[in-house]
1. One residue is enough: does the stretch 35-52 have a residue meeting the conditions outside any loop (DSSP other than H, G, I, E, B), at pLDDT below 85 and under 12 Å from the mean Cα position of the chain (by Cα)?
2. On the basis of being assigned to a helix (DSSP H, G or I), hydroxyl-bearing (Ser, Thr, Tyr) and under 17 Å from Leu3 (Cβ atoms), does Ser20 make the cut?
3. Within the stretch 32-43, count every residue that is surrounded by 16 or more Cβ atoms within 10 Å (Cβ to Cβ) and either among the polar types (S, T, N, Q) or without any contact (Cβ under 8 Å) to a residue 24 or more places away in the chain (or both).
4. Step by step: first the residues of the stretch 1-31, then only those that are of a type in the set (D, E, K, R) and surrounded by fewer than 14 Cβ atoms within 10 Å (Cβ to Cβ), then the one that is modelled with the highest pLDDT. Which residue is that?
Amino acid sequence: MNLKELCLSNCNITDEGLLSLCIGLQSNSKVSSLDLEENRITANGFECLVECLEYGLPLKNLNLYHNEIEDTSSLKEYNTI
């Protein structure tokens with residue numbers, strides 16, 4: 001099975017859940033779209049996701065709207081990569 005799009009909006013995902021997701025996604029290099037809207041992800045969880053992206057997850061679309069990412073410095077840093 002080749003999973004290309006994953007929609008997990010409104011799933012109450014926390015940073016810990018995102019860490020588990022990232023570990024699972026590392027074995028699936030085909031995912032290009034990830035929707036994590038309306039969860040409980042913070043800047044710490046976002047940093048974990050950035051590390052996952054650096055290890056080769058080829059995301060073209062990432063939706064993090066309406067999460068708990070209050071410290072946007074990590075977002076700004078990611079935008080410069």
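1. The initial filter retains those residues of the stretch 35-52 that are outside any loop (DSSP other than H, G, I, E, B), namely 35, 43-52.
Still in the running and at pLDDT below 85: 52.
Still in the running and under 12 Å from the mean Cα position of the chain (by Cα): 52.
Yes - at least one qualifying residue is present in the stretch 35-52.
2. Criteria met by Ser20.
3. Selection size over the stretch 32-43: 2.
4. Taking the stretch 1-31 and keeping what is of a type in the set (D, E, K, R), we get 4-5, 15-16, 30.
Subset that is surrounded by fewer than 14 Cβ atoms within 10 Å (Cβ to Cβ): 4-5, 16, 30.
Details: Lys4: 89, Glu5: 92, Glu16: 97, Lys30: 85.
Filtering the stretch 1-31 for residues that are of a type in the set (D, E, K, R) and surrounded by fewer than 14 Cβ atoms within 10 Å (Cβ to Cβ), the one modelled with the highest pLDDT comes out as Glu16.
The values are calculated or read from the model by the stated rules, or taken from the named source; none is laboratory data. Remember, predicted model here, so these are calculated numbers, not experimental data. Cβ: placed from backbone, ideal geometry, glycine included. Neighbour counts: every protein chain shown.
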